[in-house]
2 protein chains.
Amino acid sequence: MTLLHYRRPEESDHIRVVEAIPVWWGMPPDAAPTGLLPRLFFQHFADTSTLVEDESRRLAAFLIGFRSASRPQTAYIHFVGVAPELRRQGVARDLYERFFAMMRQQGCTRVEAITGPINRRSQSFHRGLGFTLGGDTEVDGVLAYIDYDGPGEHRVTFSRSL
Amino acid sequence: MTLLHYRRPEESDHIRVVEAIPVWWGMPPDAAPTGLLPRLFFQHFADTSTLVEDESRRLAAFLIGFRSASRPQTAYIHFVGVAPELRRQGVARDLYERFFAMMRQQGCTRVEAITGPINRRSQSFHRGLGFTLGGDTEVDGVLAYIDYDGPGEHRVTFSRSL
């Protein structure tokens, strides 16, 4: 059993997380969605994000999330990752539940997230946590919103009350 | 003289802005940095962002910015664009000054932004507005921070007191 240490990320953790993404996702670095995680998230949303390390201080998991500034009752989970060797042990669920509790305490009543249509693992994970999946057009076999994040960037939305 | 109308962006403005970027930047859509502007900025940071339209409701300019949640005295300008036919008329400066005033009112004492080493126009614009440029390694003839936003994503930083 690995002992995990949870803490707020520092700006200097950004590079470790960005470098982990292609490895953890099993993608060539060029195809990895690292552009979705610029350093600004580690500078400006550190207080509501979590980084997890194992006993050897190796990166084990992370959750980048924030409270919406324009919709203060809404919390948003932007990016979550768990090291492949630590999957299926409830680490992501734990990160989500800690985030839910923190956001509830700040007065949020809803939490949102998104994923791509092909990311079935994420869809099933969010469904299991009680999120409602949103989409209006079949894309790759699931309902998604076309061009949600720009041309060709279709997304399945997740929403859940807190 | 074009009469410009300033307002807060709506979520539905996201697609117009994303589609304008490659056109305004004179880039093929694939090369345009639209991935830096996901819909979340229009959902969660609308109250501190501005969209400008001309008399025919055509998109004229935009500024996407927010107050840092983890560093509440810092304001961050994420993305700014002005339609090519409206450049050199002070529209970007006006957007920045409106943002500075709003952020000062909220208690911010500093404003930050970044650009790529090749974006000389942005560097000269920010210098003209009193920003200090940051970087520690020469990249494409200017000082920049290597891998600032991930591998190969070098950036020049801008910082200014408010």
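The values are calculated or read from the model by the stated rules, or taken from the named source; none is laboratory data. This one's a predicted model, so the numbers in the text were calculated from it and none came from an experiment. Here Cβ is always computed from backbone atoms with ideal geometry, including for glycine, and neighbour counts include all displayed protein chains. Surface areas here come from the heavy atoms of the whole protein model, side chains and all, with no ligands, DNA or RNA. Shrake-Rupley method; radii C 1.70, N 1.55, O 1.52, S 1.80 Å.
Some observations on this one:
- Orientation-averaged projected area, Cα convex hull of the stretch B:1-66 (nm²): 4.6 nm²
- Radius 15 Å from Cβ of B:Thr109, net charge of other residues (Lys, Arg +1; Asp, Glu -1): +4
- Spatially, the stretch B:10-78 and the stretch A:83-126 are offset by 27 Å when compared through their Cα centroids.
- For B:8-20, mean number of other protein chain Cβ atoms within 10 Å: 2
- Taking amide H atoms as placed 1.01 Å from N in the peptide plane, the amide H of A:Gly65 lies under 5 Å from those of A:Ser49, A:Thr50, A:His78, each 5 or more residues away in sequence or on another chain.
- Summing charges over neighbours of A:Phe41, with a neighbour being any other residue whose Cβ is under 13 Å away from its Cβ, gives -2 when K and R count +1 and D and E count -1.
- Over chain B, DSSP H runs of length four or greater, each weighted -39,500 (n - 2.57), average out per residue to a 222 nm ellipticity of -7500 deg cm²/dmol.
- Using R0 = 35 Å, the C-beta based FRET efficiency linking B:Thr109 and A:Gln105 works out to 0.80.
- When restricted to Cα atoms, the stretch A:122-162 yields an Rg and a Dmax of 10.6, 32 Å, respectively.
- Cα gyration tensor category, rounded, prolate or oblate, for the stretch A:74-153 with a/c compared to 1.5: oblate
- Where A meets B: accessible area buried, both sides, 1.4 Å probe, Å²: 2500 Å²
- Loop-resident GluC sites (Glu not before Pro) (DSSP state other than H, G, I, E or B) in the stretch B:5-100 with no more than 12 further Cβ atoms inside 10 Å of their Cβ: B:Glu10, B:Glu55.
- For chain A, the solvent-accessible area of protein heavy atoms averages 48 Å² per residue (probe radius 1.4 Å; ligands and nucleic acids excluded).
- The protein assembly as shown: C-alpha gyration tensor shape, a/c 1.5 cut-off, then a/b vs b/c: prolate
- Residue-averaged beta-carbon neighbours from other chains (10 angstrom radius) around B:32-41: 5
- Rg and Dmax [Cα atoms of the stretch A:28-92; Å; Rg one decimal, Dmax integer]: 13.4, 39
- The longest part of chain A holding none of the exposed loop trypsin sites (Lys or Arg not before Pro), meaning those outside H, G, I, E and B in DSSP with at most 15 other Cβ atoms within 10 Å, is A:89-162.
- Positive-end residue, the protein assembly as shown charge dipole about Cα centroid, Cβ charges, pick of A:Leu143, A:Phe125, B:Leu143: A:Phe125
- Mean Kyte hydropathy of -1.0 or more with a Cα span along the axis of at least 20 Å, helices from DSSP in chain A: A:91-105
- Cβ-based net charge around A:Tyr76, under 10 Å, with every Lys or Arg adding one and every Asp or Glu removing one: +2
- Scaled radius of gyration (Cα, divided by 2.2 N^0.38 Å) that chain B gives: 1.02
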